[in-house]
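None of the figures in this text is laboratory data; all of them are computed from the coordinates on show. Predicted model, so just to flag it, every value in this text is computed and none were measured. Please note: Cβ atoms are built from the backbone with ideal geometry, for glycine as well, and neighbour counts cover all protein chains shown.
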Amino acid sequence: MQKEASISNFQPADQLAAIKQNDEAALKALYQQNFQRVEHYVLNNNGSTDEAKDVYQEAFIAVWRNIQLDRFTPVTETSLSGYLYQVAKNKWLDHLRSSHYKKVVPLKEMEDGKVEIVTLQETELAYLGSVRDNLAKLGDNCRELLMRFYYRKESLRVIAAAFDWTEATAKNNKYRCLQKLREFIKNK
């Protein structure tokens with residue numbers, strides 16, 4: 001019975017040498033030992049198993065290529081696995097940010113057969129209306145502070161001077177007011 005090769009049994013320099021020589025056992029072990037971790041990450045971040053496989057294969061090839069071109073040198077036994085995971089994670093995040101992954105809002109059929117398209121602008125306007133309505137619920141100081149910072153683009157230093165606060169107090173109050181506004185919007 002032949003023992004399955006494990007990439008973690010190699011020293012970092014030996015791992016690299018085996019991968020550079022395209023050692024099938026080393027490549028297979030590296031691939032198999034790291035896929036589950038990447039798959040778990042993709043599944044927990046709005047992905048599917050097929051997408052995890054695609055991303056992992058791209059990352060694996062990129063890491064292999066970087067090793068072939070001497071662009072990566074592992075320092076510890078786990079740095080190769082960590083590097084592969086990080087490349088896969090970055091590729092998944094790039095995929096999520098890409099236009100290929102943008103959320104598509106389904107068209108709603110109206111009773112008379114016409115199609116209603118909900119535009120992003122309408123959604124943004126509704127959100128801005130909610131912000132405006134909830135701004136009115138804040139106290140005068142909070143409302144004034146947020147208006148000065150976000151709409152008039154005044155610096156915290158200028159705002160602090162206007163309220164006779166320190167800059168740190170202005171920063172803390174801005175944070176608290178923004179949290180209060182978010183809470184109002186969330187609970188609406």
Using θ = phi - 60° and the Karplus relation 6.51 cos²θ - 1.76 cosθ + 1.60, list the HN-Hα couplings for region 51-58 in order, rounded to whole Hz, with x at every Gly or Pro.
5, 4, 4, 4, 5, 5, 5, 4
With a sphere of radius 11 Å drawn around the Cβ of VAL158, what net charge do the other residues whose Cβ falls strictly inside it have (Lys, Arg +1; Asp, Glu -1)?
+2
What is the P(r) of region 7-101, as percent of Cα-Cα pairs per 5 Å bin from 0?
2, 14, 26, 24, 15, 10, 6, 2, 0
May I ask you to sort VAL42, VAL75 by Cβ crowding, counting other Cβ atoms within 10 Å and putting the fewest first?
VAL75, VAL42
